[in-house]
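Here is the structure we will look at.
The values are calculated or read from the model by the stated rules, or taken from the named source; none is laboratory data. In this text, all values refer to a predicted model and were calculated from it rather than measured experimentally. As a convention, Cβ positions derive from the backbone with ideal geometry for all residues, glycine included, and neighbour counts pool all protein chains shown.
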Amino acid sequence: MRKTKPLYEGKAKILWETDSPGRMVQEFKDDATAFNGVKHEIISGKGVLNNRISSHFFTLLNEAGVTTHFVEKLSDSEMLVDRLEMLPIEVVVRNVAAGSMVKRLGIEAGRRFDPPIVEYYLKDDGLNDPILSEEHVTALGLATHELLAEIRTAAIKVNDILTDFLDERGIRLVDFKLEFGLKDGCLVLGDEISPDTCRFHDKTSDRIMDKDRFRQDLGGFIEAYNEVLDRVSS
């Protein structure tokens, strides 16, 4: 199998067409971005870390019965994935209040939610990814009521699996973003699961171990990503 041409390049990844029908190569870049691309740096080694971390999480989820696009890790910065018809919806699962939710609702950071809160956002950088109600999703034709219910069930299952797995490794899963697509009409988890798309805090010290270190100019960015990798691969 070989890469043939790039199909899509985003802020942090490139998707390549291959000579294998229905398969793509997902390449992770060293670009770090925040605030819809307003803040941007190249951080050497970031792509390798996100590829390795995502590969661990996707393997875990596949083994737990969640259907994902992940096939195998090909190289330090590349994974082989199934080609999906991606849904233009970002699904955010929140276990603890943080980030935009705190600013939007004026609630105290660190407030815990049981059960977790599931939110939907329109995947559109030009509109700054606005939040959607379930009625918005169905009225705009982004997903049917049935598909949205399936998405929510899958997102909660992913949260349950990752929360337990990370808790055993001393990491609190604060919140995270998922993206789904369809393959042969079936729902499949795509994109990545990494410190770029999740908020990870040390369970004891509450130390930030994710992209918020870049957003907030906290330093220790690569060190935090390396620590996440060490813990999830142990």
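Details
- Some residue of the stretch 219-227 being under 25 Å from Ala109 (Cα atoms) and in contact with a strand residue (DSSP E or B) (Cβ under 8 Å, 6 or more places away or on another chain): yes
- Among the residues of the stretch 128-141, those that are under 17 Å from Val92 (Cβ atoms) and not in a helix (DSSP H, G or I) comprise Asn128, Asp129, Pro130, Ile131, Leu132, Ser133.
- The set of residues in the stretch 108-127 being exposed (fewer than 12 other Cβ atoms within 10 Å of the Cβ), of a type outside the set (D, E, K, R) and not in a strand (DSSP E or B) consists of Gly126, Leu127.
- The residue that is surrounded by the most Cβ atoms within 10 Å (Cβ to Cβ), counting only those in the stretch 24-66 that are of a type in the set (D, E, K, R) and over 30 Å from Thr153 (Cα atoms), is Lys46.
- A single entry from Asp125, Asp217 fulfils the requirement of being charged (D, E, K, R) and at pLDDT below 95: Asp125.
- Pair list, Cβ < 7 Å and 6+ apart or interchain, from the stretch 221-234 residues that are closer than 17 Å to Lys203 by Cα and touching a residue at least 12 places away in the same chain (Cβ under 8 Å) to residues that are small (Gly, Ala, Ser) and not in a helix (DSSP H, G or I): Arg231/Gly170
- Identity of the residue in the stretch 1-23, of a type in the set (Lys, Arg) and in a strand (DSSP E or B), that ends up surrounded by the fewest Cβ atoms within 10 Å (Cβ to Cβ): Lys5
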